[in-house]
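J.: The structure is given below, and queries will be raised subsequently.
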Amino acid sequence: MSLATDLQAARIDPVYGLGGVALVVAATVLIGVFGLRLSRTTSDFYVASRTVSPLLNASAIGGEYLSAASFLGIAGLILAYGADMLWLPVGWTGGYLVLLVLISAPLRRSGAYTLPDFAETRLESTTVRRIASVLVILIGWLYLMPQMQSAGLVLRTVVDVPAWVGGVLVAVVVAVNVLSGGMRSITFVQAFQYWLKLTALAVPVIFLVLAWRHDGAPRVVDPAWVLPLASGRDHPVYATYSLILATFLGTMGLPHVLVRFYTNPDGRAARRTTLAVLALLGAFYLMPAVYGALGRIYAPDLVAQGRTDTVVLTLPGTLVGGTLGDLLTALVTGGAFAAFLSTSSGLTVSVAGVIGQDVLGGGVRAFRIATLCAVLVPLGLALAARSLAVADVVGLAFAVAASSFCPLLVLGIWWRRLTDVGAIAGLLVGGGLACAAVAVTIIGGPFGGLVGALLAQPAAWTVPIAFTVMVAVSLCTPRRIPAGAARTMVRLHAPESLDVNRGDWRPNGGGNRSSH
């Protein structure tokens, strides 16, 4: 059952629910206006002048990364399928461990504004840049469309207005914040929204656990629910490991995640940011598991009714009740809306950055025009297209990212022999196969049997194919190794104290020379 149907079935007091949404929107706009006072230059709009502290940046990453799928979807999946679904929060958190080890510091040292900037700098190819730009925009719009659809459905559930109103509200609020202050403004907004979302889940959990304890602490009686690989899905071993691969490797390829690492002052700060993100995400993802487990005890009928995604919204009223239950429900409703706003903001900044740089020539004016394009296109798609399950579309984005940008980043940073032709082949084959597989599942599926599992969870075969194609084609085209590959590799891996990024390293055999 999709999030659309689930939210329509939720019962939320309109006064409390609308109050929670209104407070979130007001706080978002006010914090965004504060960012306007600090944003003046092109660097402010694209990368916040690379002056964001690790804790603030980590909070902002948590704010934009934790979308509706994290806030509402994980608890619903755990309620329905049990222990198998715990791999989702583990994978989405563990992806940052891979980022910490392989990507974060070298990516910051690249000096790029966007992921296509990095691709062109590393491979000295405008063709690679164009393909990377298309993938960034595609992934961003795929992520934005369900956020706007879901926001419309939440608002319709709260106040019984047409579904398009919520999508338009999200688009307007996000556009105002991004247009006013760019990356610097969005950093403050998303950091606030992370702590709001954590509070919106953590405070009700306290009362839910107290009510559970007061009721004698009953346990889940279904033995299959607590056992891994016992959820009844087709080919659970393959599906589980493919899901792990997609979440671990897809995180590093999400453009709205990567762009935040360009805002750190240096590579050391980028590593500290990633460590902080691991702690913040770990704290957040403890909560959905509690909601899922308590939902299995007190609201198992949601599974039969196909309303599992509403468990976070309905449990406070079920277990606590009264005015306190209404207040807690308003809190989680506001947190859900914050999830739509924060994720949409990060995606808009990343897509607008690429459009502004690659299509409109760069600059503050170009960034603002690109912001309108980045918001209006997915809004139009959200209003025109039929509602899809958020998890399916998010899974598509992760699969495409893992099968395209992950091999590009890993090989581009750690393998000097990568060529532009190899990168192009890998991006097209890996990203194309992943996109086609999950699109077929969404449009015509779900399919049964092994074929259905391969199409619904393609990362286990598309990621190895992408790496293989990229490496094999690069080895067959050694003359296409960029002339400045050695210099670029030094720039990516040398300490900032060598001043490589300020041009002090000489490519003519003179080694490096400090300007101090």
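J.: If we scan region 64-76, do we find a residue that is assigned to a helix (DSSP H, G or I), more than 18 Å from the chain's Cα centre (by Cα), surrounded by 24 or more Cβ atoms within 10 Å (Cβ to Cβ) and at pLDDT 80 or above?
T.: The answer is yes, given that some residue of region 64-76 is assigned to a helix (DSSP H, G or I), more than 18 Å from the chain's Cα centre (by Cα), surrounded by 24 or more Cβ atoms within 10 Å (Cβ to Cβ) and at pLDDT 80 or above.
J.: If a residue must be modelled with pLDDT of 75 or more, buried (at least 23 other Cβ atoms within 10 Å of the Cβ) and more than 18 Å from the chain's Cα centre (by Cα), how many such residues does region 159-197 contain?
T.: 3
J.: Could you tell me whether region 126-133 includes any residue that is of a type in the set (D, E, K, R) and surrounded by fewer than 20 Cβ atoms within 10 Å (Cβ to Cβ)?
T.: Yes: region 126-133 contains one or more residues that are of a type in the set (D, E, K, R) and surrounded by fewer than 20 Cβ atoms within 10 Å (Cβ to Cβ).
J.: Something else about it: Can you pull out every residue in region 415-444 that is among the small types (Gly, Ala, Ser), surrounded by fewer than 21 Cβ atoms within 10 Å (Cβ to Cβ) and without any contact (Cβ under 8 Å) to a residue 40 or more places away in the chain?
T.: Correct list: 432, 436, 444.
J.: In this structure, is residue 24 in a loop (DSSP other than H, G, I, E, B), at pLDDT 65 or above and either of a type in the set (S, T, N, Q) or out of contact with any His (no Cβ under 6 Å at 6 or more places or on another chain) (or both)?
T.: Against the criterion (in a loop (DSSP other than H, G, I, E, B), at pLDDT 65 or above and either of a type in the set (S, T, N, Q) or out of contact with any His (no Cβ under 6 Å at 6 or more places or on another chain) (or both)), residue 24 does not qualify.
J.: Further, regarding this structure: Among 86, 138, which is surrounded by fewer than 21 Cβ atoms within 10 Å (Cβ to Cβ), under 20 Å from the mean Cα position of the chain (by Cα), closer than 30 Å to residue 421 by Cβ and of a type outside the set (Asp, Glu)?
T.: None of the other options fit; the residue is 138.
J.: On to the next question. Name the single residue that is farthest from residue 333 (Cα to Cα) among those in region 141-155 being more than 16 Å from the chain's Cα centre (by Cα) and buried (at least 24 other Cβ atoms within 10 Å of the Cβ).
T.: Here the answer is 149.
J.: On to the next question. Determine, yes or no, whether residue 447 is of a type outside the set (Asp, Glu), without any contact (Cβ under 8 Å) to a residue 12 or more places away in the chain and surrounded by fewer than 21 Cβ atoms within 10 Å (Cβ to Cβ).
T.: Criteria met by residue 447.
J.: Under 20 Å from residue 252 (Cα atoms), in contact with an Asp or Glu (Cβ under 8 Å, 6 or more places away or on another chain) and at pLDDT 75 or above - does that describe any residue in region 431-451?
T.: Scanning region 431-451 turns up at least one residue that is under 20 Å from residue 252 (Cα atoms), in contact with an Asp or Glu (Cβ under 8 Å, 6 or more places away or on another chain) and at pLDDT 75 or above.
J.: So in region 296-334, with the set limited to residues that are touching a Gly at 6+ places or on another chain (Cβ under 8 Å) and small (Gly, Ala, Ser), which one is surrounded by the fewest Cβ atoms within 10 Å (Cβ to Cβ)?
T.: Among those that are touching a Gly at 6+ places or on another chain (Cβ under 8 Å) and small (Gly, Ala, Ser), it is 317.
J.: Consider residue 418 against the criteria (1) assigned to a helix (DSSP H, G or I); (2) touching a Leu at 6+ places or on another chain (Cβ under 9 Å); (3) within 15 Å of residue 128 (Cα to Cα): it satisfies all of them except one. Which criterion is unmet?
T.: (1)
J.: Criterion first (assigned to a helix (DSSP H, G or I), at negative phi, at pLDDT 85 or above and among the aliphatic types (A, V, I, L, M)) does residue 275 satisfy it?
T.: So residue 275 fails the test.
J.: Another question, then. Would you mention how many residues in region 101-112 are hydrophobic (A, V, I, L, M, F, W, C) and surrounded by fewer than 18 Cβ atoms within 10 Å (Cβ to Cβ)?
T.: Selection size over region 101-112: 2.
J.: All but one of (1) more than 24 Å from residue 67 (Cα to Cα); (2) in contact (Cβ under 8 Å) with a residue 60 or more places away in the chain hold for residue 318, so report the exception by its number.
T.: (2)
J.: Continuing with this model, one more query. Need the failing condition index for residue 248 against (1) modelled with pLDDT of 85 or more; (2) farther than 22 Å from residue 394 by Cβ; (3) hydrophobic (A, V, I, L, M, F, W, C), just the number.
T.: Result: residue 248 fails condition (2) only.
J.: Is there a residue being over 22 Å from residue 229 (Cα atoms), in contact (Cβ under 8 Å) with a residue 40 or more places away in the chain and outside any helix (DSSP H, G or I) anywhere in region 86-96?
T.: No - not one qualifying residue is present in region 86-96.
The values are calculated or read from the model by the stated rules, or taken from the named source; none is laboratory data. These figures come from a predicted structure and were not determined experimentally. Every residue, glycine among them, receives a Cβ derived from its backbone with ideal geometry; neighbour counts consider all protein chains shown.
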